[in-house]
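A.B. asks: Shown below is the structure under consideration.
The values are calculated or read from the model by the stated rules, or taken from the named source; none is laboratory data. These numbers were taken from a predicted model, which means no experiment stands behind them. Heads up, the Cβs are rebuilt from the backbone with ideal geometry, glycines too, and the neighbour counts pull from every protein chain shown.
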Amino acid sequence: MAAPLPPASPSLFSAILLAALALAGSPAGAQPISLTDDAGRHVRLPAPARRAVTLTPHATELAYAAGAGSYLTLKAAKTLIDDGFKVMVYCTDDPIQCRMLEDLGVCAIMPLASLIGSGMGIINPWNLRLIIDQTQLPVIVDAGVGTASDATIAMEMGCDAVLMNTAIAGAQDPVLMASAMNKGVQAGREAFLAGRVPRKLYSGAPSSPTEGMIAAAK
């Protein structure tokens with residue numbers, strides 16, 4: 001029985017991903033790819049490997065399919081920040097990844113509500129709530145909004161903004177949907193600032209006609 005292979009180090013993993021991305025953009029007659037990883041080790045892929053990579057339309061999708069999405073997002077964010085960019089990062093709704101991105105120095109967190117272009121709304125409100133509660137940065141929902149109520153919910157939860165395209169562009173009446181989104185965002189923001197009545201699972205406290213009045217009658 002063959003012994004299991006040792007796990008690849010992050011630096012070696014980085015070099016392999018870079019090689020895959022380079023191969024994906026290589027012309028048909030490209031030579032073998034040689035790269036050096038973060039630890040100074042050389043990684044070489046022969047030319048025949050190019051075909052396996054270029055069969056995938058988008059090299060980024062290949063890397064994400066291999067489970068490298070979070071790693072690539074963090075790596076790209078750090079590179080851009082080190083180069084002086086103000087990074088507003090589109091990411092998953094993983095609170096841990098969002099905290100790591102904040103620690104790197106991004107200027108805004110932009111988690112998806114659901115798959116981009118899906119119009120499915122906020123699939124995991126609990127994760128989004130954790131992201132909002134733990135960060136000092138603006139939080140902008142950046143994908144999955146389908147209708148005005150989705151935008152309202154995001155703003156009610158405390159998001160600072162909602163970024164959308166498909167929900168408006170794909171509507172039967174885009175102009176009318178844009179108007180609805182505008183109203184939904186405003187309503188959600190005002191509801192957040194006003195502070196909703198607490199949810200009570202086991203008991204209620206009905207309002208009184210004489211107590212808790214905004215101002216005493218004159």
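A.B. asks: Would you mind finding the one in Gly119, Gly84, Gly105 that is more than 29 Å from Met157 (Cβ to Cβ), at pLDDT 85 or above and in the same structural domain as Gly184 (by TED's automatic domain parsing)?
C.D. replies: Gly84
A.B. asks: So, one more: Regarding the stretch 138-146, can at least one residue be identified that is farther than 25 Å from Ala178 by Cα and touching a strand residue (DSSP E or B) at 6+ places or on another chain (Cβ under 6 Å)?
C.D. replies: Checked against the condition, which is being farther than 25 Å from Ala178 by Cα and touching a strand residue (DSSP E or B) at 6+ places or on another chain (Cβ under 6 Å), the stretch 138-146 yields no hits at all.
A.B. asks: Go through Ile122, Ile168, Ile131 for me and flag whichever is over 18 Å from Pro111 (Cα atoms) and either within 19 Å of the chain's Cα centre (by Cα) or not polar (S, T, N, Q) (or both).
C.D. replies: Exactly one of Ile122, Ile168, Ile131 is over 18 Å from Pro111 (Cα atoms) and either within 19 Å of the chain's Cα centre (by Cα) or not polar (S, T, N, Q) (or both), namely Ile168.
A.B. asks: Tell me yes or no: at least one residue of the stretch 127-141 is of a type in the set (Lys, Arg) and within 20 Å of Ser114 (Cα to Cα).
C.D. replies: Yes: one or more hits.
A.B. asks: Within the group Ala194, Ala205, which residue is closer than 30 Å to Leu130 by Cβ, exposed (fewer than 15 other Cβ atoms within 10 Å of the Cβ), out of contact with any Phe, Trp or Tyr (no Cβ under 8 Å at 6 or more places or on another chain) and modelled with pLDDT under 90?
C.D. replies: That would be Ala205, the only listed residue that is closer than 30 Å to Leu130 by Cβ, exposed (fewer than 15 other Cβ atoms within 10 Å of the Cβ), out of contact with any Phe, Trp or Tyr (no Cβ under 8 Å at 6 or more places or on another chain) and modelled with pLDDT under 90.
A.B. asks: Out of Ala143, Ala171, Ala161, Ala167, report the one residue that is farther than 29 Å from Glu102 by Cβ and either at pLDDT below 95 or charged (D, E, K, R) (or both).
C.D. replies: Values: Ala143 fails: farther than 29 Å from Glu102 by Cβ; Ala161 fails: farther than 29 Å from Glu102 by Cβ; Ala167 fails: farther than 29 Å from Glu102 by Cβ.
Only one candidate qualifies: Ala171.
Here's the yes/no breakdown for (1) within 16 Å of Arg189 (Cα to Cα); (2) surrounded by 17 or more Cβ atoms within 10 Å (Cβ to Cβ):
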position	(1), (2)
Ser118	no, no
Leu130	no, yes
Gln136	no, no
Gly144	no, yes
Asp150	yes, yes
Asn165	no, no
